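Take a look at the structure set out below.
Here, each number is a calculation from the coordinates, and none is a lab measurement. Just so it is clear, the model here is predicted, and its values are computed rather than measured. Quick reminder, even Gly has a Cβ in these numbers, built from the backbone with ideal geometry, and neighbours come from all protein chains shown.
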Amino acid sequence: MALNNFRNPFRFILALSLMLGLSVGARSQGLTLDSLVKRLPSLSDSAKIRDLISISKAYESVDTAKASMYCNQADSIADRIKNDILKASVLELKGALRSRYSIQDALFYYNKAIQLLDSYQKDPLANRVKTSIQNNIGVTYYLNGDYEGAVKYFISACEGYERSNPDDLN
């Protein structure tokens, strides 16, 4: 059984933390949504994508139409500038937005994002994004009662976290 992979209590606690912590909404930037929206025109494309993702995440549980609108804006910019890592972050968000309506759609976007990141194995940012996506896949499986599938992805997320953040493990 996959639960045997948690030989170390730290890995189990880390998996639970990832499941709960990474699946929570937008990161706090100390800025209001209005101020984020107002500053968009002055930002570089990469910064604009990151802010659009933050805005979309903030609307995710309040107004899914607005969340989708900001996500689609980020997606268009990511396509135009051909930044695979930011595109993967947008696809992760699309998966999260679709997860409440269709597990197949959510998994499609998550897996598409992971495929984009496969060629960036040594990039720390790509590894953090991939770890977050693996955690979201685990959450999706968990919420749909596939606990074995959830554990598999939580373990992958833990391993990715351990590789990306070795100093945090001490």
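Worth a mention:
- Couplings for the range 78-91, taken from phi via the Karplus curve 6.51 cos²θ - 1.76 cosθ + 1.60 with θ = phi - 60°, read 4, 5, 5, 8, 6, 9, 5, 5, 5, 4, 4, 5, 5, 5 Hz in order; Gly and Pro are left as x.
- Computed lengthening from D105 to R80, 0.36 nm per intervening residue step minus Cα-Cα distance: 6.7 nm
- Loop-located trypsin sites (Lys or Arg not before Pro) in the range 73-170, at most 16 other Cβ atoms within 10 Å (DSSP): K82, R100, K122
- Residue (of V62, N111, Q134) at the positive-pole extreme of the range 26-170, dipole from beta-carbon charges: V62
- Separation between Cα centres of the range 106-170 and the range 63-79, rounded to whole Å: 22
- For the range 89-170: rounded, prolate or oblate by the Cα gyration tensor [a/c cutoff 1.5]: oblate
- Sites R163 and D45 - FRET efficiency at Förster radius 45 Å, r taken between beta-carbons, to 0.05: 0.95
- Extension gain (nm, one decimal) between L33 and N144, 0.36 nm per residue minus Cα-Cα: 36.8 nm
- Shape category assigned to the range 58-114 from the gyration tensor of Cα positions, a/c cut at 1.5: oblate
- L125 paired with T64, simple spin-label distance in nm, labels 7 Å along Cα-to-beta-carbon: 3.1
- Ordering of 38-45, 56-63, 140-147 by burial proxy (mean other Cβ atoms within 10 Å per residue, highest first): 56-63, 140-147, 38-45
- Cα-based shape type of the range 32-170, given that a ≥ b ≥ c are square roots of the gyration tensor eigenvalues and the cut on a/c is 1.5: oblate
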